[in-house]
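Here is the structure we will look at.
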Amino acid sequence: GISEEIKEAAAKGVPILGTCAGLIVLAKEGDRQVEKTGQELLGIMDTRVNRNAFGRQRDSFEAELELSILDSPFTGVFIRAPGIVSCGPGVKVLSRLEGMIIAA
């Protein structure tokens, strides 16, 4: 299935972007909410994620973000957005918000 194709692509060095649920699926480990859903994690990124790091849908917001790979600020939209709680030494952190890693 597609999970194996994504893992194979990652193993070949193909860049893979995961936003929102995609960030969760790429992680090695999830919080209790992730475990509760039974969502398969591909383990491609050496990260532990928090499924709803910034609250529920009613807590949605936009924020200007500094990303190390961009020359100018980027507007991020956070709708029940996940966050990266921790990452391994091979993971490059690209941006943080309120102390939470939001891009890597």
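Here, each number is a calculation from the coordinates, and none is a lab measurement. Treat the numbers as computed from the prediction; the structure is a model and nothing was measured. For neighbour counting, all protein chains shown are included, and Cβ atoms are generated from backbone atoms with ideal geometry for every residue, glycine included.
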If the label point is 7 Å along Cα→Cβ of GLU64, which residues in region 87-104 have backbone nitrogen under 18 Å from it? 95-99
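Which longest uninterrupted range of the chain lacks any GluC sites (Glu not before Pro) assigned by DSSP to a loop state (not H, G, I, E or B) and surrounded by at most 10 other Cβ atoms within 10 Å? If you can, show how the numbers build up before the last one.
On the way: sites that count: GLU40, GLU98.
Result, exposed sites excluded: 41-97.
Subtract the Cα-Cα distance of ILE79 and ALA9 from 0.36 nm times their separation in residues, and report this length gain in nm to one decimal.
Details: separation 70, 0.36 × 70 = 25.20 nm, distance 2.83 nm.
Extra length available between ILE79 and ALA9 comes to 22.4 nm.
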Counting Lys and Arg as +1 and Asp and Glu as -1, what is the net charge of the other residues whose Cβ lies under 13 Å from the Cβ of ILE79? +2
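For region 20-104, which trypsin sites (Lys or Arg not before Pro) are in a loop by DSSP, counting at most 13 other Cβ atoms within 10 Å? Kindly include the intermediate steps, with their values, before the conclusion.
Working: sites: LYS28, ARG32, LYS36, ARG48, ARG51, ARG56, ARG58, ARG80, LYS92, ARG96; in loops: ARG51, ARG56, ARG80, LYS92.
In loop regions of region 20-104 (DSSP not H, G, I, E or B), the sparsely surrounded trypsin sites (Lys or Arg not before Pro) are ARG56, LYS92.
For a footprinting-style exposure proxy, rank MET45, MET100 by other Cβ within 10 Å, fewest first.
Numbers: MET45 22, MET100 15.
Lowest to highest Cβ neighbour count: MET100, MET45.
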Which lysines have a Cα less than 24 Å from the Cα of LYS12, not counting those fewer than 8 places away in the same chain? LYS28, LYS92
Multiply the residue gap between SER72 and MET100 by 0.36 nm, knock off their C-alpha separation, and tell me the result in nm, one decimal place. 8.1 nm
Put +1 on the Cβ of each Lys and Arg and -1 on the Cβ of each Asp and Glu in region 1-83; which of LEU42, ALA11, PHE74 then has its Cα farthest toward the positive end of the dipole? LEU42
With Cβ to Cβ distances under 11 Å as the rule, what net charge do the other residues near VAL91 carry (K, R +1; D, E -1)? +2
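Under the definition of Cα pairs under 8 Å and six or more residues apart, what whole-number percent is the relative contact order of the chain? Don't jump to the answer; show the numbers that get you there.
Details: 177 pairs, mean separation 21.9, N = 104.
Relative contact order, the chain: 21 percent.
What is the diffusion coefficient of region 1-82 in µm²/s, taking the Kirkwood radius over Cα pairs and the Stokes-Einstein relation at 25 °C with a viscosity of 0.890 mPa s?
Approximately 175 µm²/s, per Stokes-Einstein.
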